[in-house]
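Engineer: Below are the C-alpha cells for one structure; questions will follow.
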Amino acid sequence: MLIIPAIDLLEGKCVRLYRGDYQKLLFSYDDPIAIALSFEEQGAKWLHIVDLEGAKEGKLRNLYVVERIGENTKLNIQLGGGIRTLEDIQTVFSIGVKKVILGTSALKRDFLARTLEIYGRGIAVSLDSKGGKIAVEGWLKETPYEVEVLAEELGRMGVENLIHTSILRDGTLEGPNFEEIEKVRKAFTKELIVSGGISSLEDLLRLKEIGVEGAIIGRALYEGKINLREAIDYLSP
C-alpha cells in the first residue's frame with residue numbers, strides 16, 4: 001500500500017484544518033518546501049498537495065509554492081484544489097505535477113470525459129463525503145450525490161484513480177470511516193486512495209486489509225502519531 005504524506009496550502013503556508021473548516025486552523029508552517037524535503041528524506045515517493053484557497057475560490061492560488069516544491073525535491077506530486085478547466089490542467093502539468101486531482105469539476109460529466117480522453121491515468125478524481133454525500137467547492141457546498149453510487153459511475157466512465165476523503169474525520173485523528181471506505185471499495189474496482197482521520201499504524205493495516213491501494217496522511221505525521229519511514233517500510237511495496 002502506498003503511503004502518501006499531505007501538505008495543504010493556504011496563503012503560501014503549510015496548514016492543517018479541522019474537518020476542512022477554514023475557521024479552525026490546527027497549525028501553520030511557513031516553509032512548505034522544508035516539510036516536503038523532510039518527507040522525501042523519510043522515504044516518501046509521492047506527495048499529496050491541496051490548494052485550499054483554490055478549492056474554495058475555483059482558481060489556482062498556490063501554484064508557485066507547488067512549483068518550488070517540485071524544483072527542490074524529486075517527489076511525485078499529485079495536486080488538487082481549484083483545477084476547473086483544461087487550461088488549468090495543462091498549466092499544472094507544465095510545472096511537473098504528475099497527477100491532477102479533480103473534485104468540483106469532475107461532477108461535470110462532459111468535462112471529465114474530455115479530460116480522461118486527453119490525459120488518461122494522469123487524472124484522479126476526489127470524492128469528498130460528509131454523511132455519505134459528496135461535498136464540493138472547498139467542502140463548503142453539499143450535493144445530493146451518494147459517494148458509493150458516484151464512485152461506481154466514475155469507474156464506468158473510465159476513471160482509474162479515486163481519492164476518497166471522509167470530511168468529518170479529516171484532521172481529527174479519530175480514525176478512518178472504515179464502513180464508508182468498504183462501500184467505496186466495493187463500488188470502485190480500480191485504484192483507491194483514502195484519507196481522513198488516519199492516526200495510527202493499526203489504521204493503516206486495517207485499510208490494507210480492506211484492499212485500498214494508498215493512504216494519505218496529514219495531521220498524524222505532523223504530530224508524531226505515525227512515523228513516516230516506519231509506515232513506508234512496513235506497508236509500501
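Engineer: Output the number of residues of the stretch 103-115 satisfying the condition of being modelled with pLDDT of 95 or more and either in contact with a Ser or Thr (Cβ under 7 Å, 6 or more places away or on another chain) or crowded, with 19+ Cβ neighbours inside 10 Å (or both).
Structural biologist: Number satisfying all stated conditions: 3.
Engineer: Moving to a separate point now. Take the conditions surrounded by fewer than 16 Cβ atoms within 10 Å (Cβ to Cβ) and touching a Ser or Thr at 6+ places or on another chain (Cβ under 7 Å) and apply them to Leu37. Does it pass?
Structural biologist: Here the answer is yes, as Leu37 does meet what is asked.
Engineer: Which of the residues that make up the stretch 25-41 are at pLDDT 95 or above, touching a Leu at 6+ places or on another chain (Cβ under 8 Å) and of a type in the set (Gly, Ala, Ser)?
Structural biologist: We begin by selecting, within the stretch 25-41, every residue at pLDDT 95 or above; these are 31-41.
Still in the list and also touching a Leu at 6+ places or on another chain (Cβ under 8 Å): 32, 36, 39-40.
Once the filter is applied, which keeps residues that are at pLDDT 95 or above, touching a Leu at 6+ places or on another chain (Cβ under 8 Å) and of a type in the set (Gly, Ala, Ser), the stretch 25-41 yields only Ala36.
Engineer: Further question: Could you list, in sequence order, the residues of the stretch 65-86 that are in a helix (DSSP H, G or I) and either of a type in the set (A, V, I, L, M) or modelled with pLDDT under 95 (or both)?
Structural biologist: Start the filter on the stretch 65-86 by keeping residues that are in a helix (DSSP H, G or I), which leaves 65-72, 86.
Across the stretch 65-86, the qualifying residues are Val65, Val66, Ile69, Leu86.
Engineer: Turning to a different aspect of this structure: Consider Leu127 against the criteria (1) of a type in the set (A, V, I, L, M); (2) touching a residue at least 60 places away in the same chain (Cβ under 8 Å); (3) crowded, with 19+ Cβ neighbours inside 10 Å: it satisfies all of them except one. Which criterion is unmet?
Structural biologist: Of the numbered conditions (1) of a type in the set (A, V, I, L, M); (2) touching a residue at least 60 places away in the same chain (Cβ under 8 Å); (3) crowded, with 19+ Cβ neighbours inside 10 Å, the odd one out for Leu127 is (2).
Engineer: Checking the conditions here, which among Ile118, Ile89 is modelled with pLDDT of 95 or more, more than 23 Å from Val194 (Cβ to Cβ), within 17 Å of the chain's Cα centre (by Cα) and aliphatic (A, V, I, L, M)? Break it down into steps so the answer makes sense when it comes.
Structural biologist: Details: Ile118 fails: within 17 Å of the chain's Cα centre (by Cα).
Answer to the check: Ile89.
Engineer: Output the residue which, of all residues in the stretch 152-175 that are part of a strand (DSSP E or B) and not aliphatic (A, V, I, L, M), is surrounded by the fewest Cβ atoms within 10 Å (Cβ to Cβ).
Structural biologist: Here is the first cut: in the stretch 152-175, the residues part of a strand (DSSP E or B) are 161-166.
After this cut, where a residue has to be not aliphatic (A, V, I, L, M) as well, the list is 161, 164-166.
On the way: Asn161: 21, His164: 27, Thr165: 26, Ser166: 27.
Checking each candidate, the answer is Asn161.
Engineer: Name every residue in the stretch 137-146 that is free of Cβ contacts under 8 Å to residues at least 40 places away in the same chain and either in contact with a His (Cβ under 9 Å, 6 or more places away or on another chain) or under 15 Å from Tyr22 (Cβ atoms) (or both), in order of residue number.
Structural biologist: Residue satisfying the conditions is Lys141 alone.
Engineer: Look through Ile216, Ile193 and report the one residue that is crowded, with 16+ Cβ neighbours inside 10 Å, assigned to a strand (DSSP E or B) and touching an Asp or Glu at 6+ places or on another chain (Cβ under 8 Å).
Structural biologist: Values: Ile216 fails: touching an Asp or Glu at 6+ places or on another chain (Cβ under 8 Å).
Going through Ile216, Ile193 in turn, the sole match is Ile193.
Engineer: Further, regarding this structure: Mind listing whichever residues of the stretch 42-64 are part of a loop (DSSP other than H, G, I, E, B), modelled with pLDDT of 95 or more and either hydrophobic (A, V, I, L, M, F, W, C) or touching a Ser or Thr at 6+ places or on another chain (Cβ under 6 Å) (or both)?
Structural biologist: Residue satisfying the conditions is Ala44 alone.
The values are calculated or read from the model by the stated rules, or taken from the named source; none is laboratory data. This one's a predicted model, so the numbers in the text were calculated from it and none came from an experiment. Every residue, glycine among them, receives a Cβ derived from its backbone with ideal geometry; neighbour counts consider all protein chains shown.
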